1. Determine the pairs where a residue that is under 25 Å from Cys30 (Cα atoms), located within region 128-143, has a partner that is modelled with pLDDT under 95 and open to solvent by 20 Å² or more (accessible area, probe 1.4 Å) with Cβ atoms under 7 Å apart, the partner being 6 or more residues away or on another chain.
2. Determine which single condition Asp91 fails, assuming it passes every other condition in (1) in contact (Cβ under 8 Å) with a residue 24 or more places away in the chain; (2) in a helix (DSSP H, G or I).
3. Taking the conditions exactly as written (closer than 30 Å to Asp162 by Cβ, of a type outside the set (Val, Ile, Thr) and open to solvent by 40 Å² or more (accessible area, probe 1.4 Å)), does Gln109 satisfy them or not?
4. What pairs come up if the first residue lies in region 55-68 and is closer than 16 Å to Glu102 by Cβ and β-branched (Val, Ile, Thr), the second is buried (at least 24 other Cβ atoms within 10 Å of the Cβ) and at pLDDT 95 or above, and their beta carbons are under 8 Å apart, counting only those six or more places apart or on different chains?
5. Quick one: how many residues across region 113-168 are aromatic (Phe, Trp, Tyr), within 16 Å of the chain's Cα centre (by Cα) and open to solvent by less than 70 Å² (accessible area, probe 1.4 Å)?
6. Take Glu15 and decide whether it is within 17 Å of the chain's Cα centre (by Cα), under 20 Å from Gly142 (Cβ atoms) and modelled with pLDDT under 95.
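The values are calculated or read from the model by the stated rules, or taken from the named source; none is laboratory data. Please read all numbers here as calculations on a predicted model, not as lab measurements. Here the Cβ is made from the backbone with ideal geometry for all residues, glycine too, and neighbour counts use every protein chain on show. Surface areas here come from the heavy atoms of the whole protein model, side chains and all, with no ligands, DNA or RNA. Shrake-Rupley method; radii C 1.70, N 1.55, O 1.52, S 1.80 Å.
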Amino acid sequence: MAPSADELTHEYIQESIHLLRQSVHKINHCLNQLDPDQIWWRSAPDLNSIGNLILHLCGNLNQWAVCGITGSTDARQREQELRSDVRVSLDDLRALLHHTVEQACQTMQSLSAAALLERREIQGFSVSVMGAISHTVPHFVGHTHQIIFLTRLQKGEQYQFDWSPDSVQQGVPI
């Protein structure tokens with residue numbers, strides 16, 4: 001028997017949430033290895049720091065998966081996320097990351113199969129709710145891998161891996 005729309009919706013939402021939460025875990029693993037100067041270090045003046053990437057991830061996720069889906073007011077200031085003179089404390093950065101991801105997860109968990117097909121206007125694009133999730137979750141995962149790379153670049157041989165094939169399996173790692 002073919003799965004129902006509700007079953008497919010549930011699986012899609014749970015996988016999206018899993019990817020976001022795995023990303024937060026990986027980002028926190030990196031942050032735990034870095035000092036504030038390393039979090040805000042840029043490998044070149046025109047490239048982003050880990051701190052800027054986290055601010056950018058939160059802005060994008062809030063815009064697409066929270067405000068975009070719920071229709072609430074979006075006050076995103078993308079330029080601020082990427083400025084080299086912006087520095088947020090580690091505690092505030094972590095709080096923003098956790099709060100934004102949990103808001104997005106709650107928003108996604110509230111969706112029905114029919115809601116996934118509804119149209120939204122986000123960042124000037126007309127997209128389905130499913131399209132909004134399909135845009136922002138891979139965007140989040142992609143920048144998470146940049147954060148891992150920037151951490152490895154700075155830590156070199158001192159980088160501590162979070163997962164290896166011998167690790168305990170708890171869902172597919174990103």
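1. Val141/Ile174
2. (1)
3. On the way: closer than 30 Å to Asp162 by Cβ: yes; of a type outside the set (Val, Ile, Thr): yes; open to solvent by 40 Å² or more (accessible area, probe 1.4 Å): yes.
Yes; evaluated as a whole, the condition is true for this residue.
4. Filtered contacts from region 55-68: Val66/Ala104.
5. Total meeting the criteria: 1.
6. Values: within 17 Å of the chain's Cα centre (by Cα): yes; under 20 Å from Gly142 (Cβ atoms): yes; modelled with pLDDT under 95: no.
No; evaluated as a whole, the condition is false for this residue.
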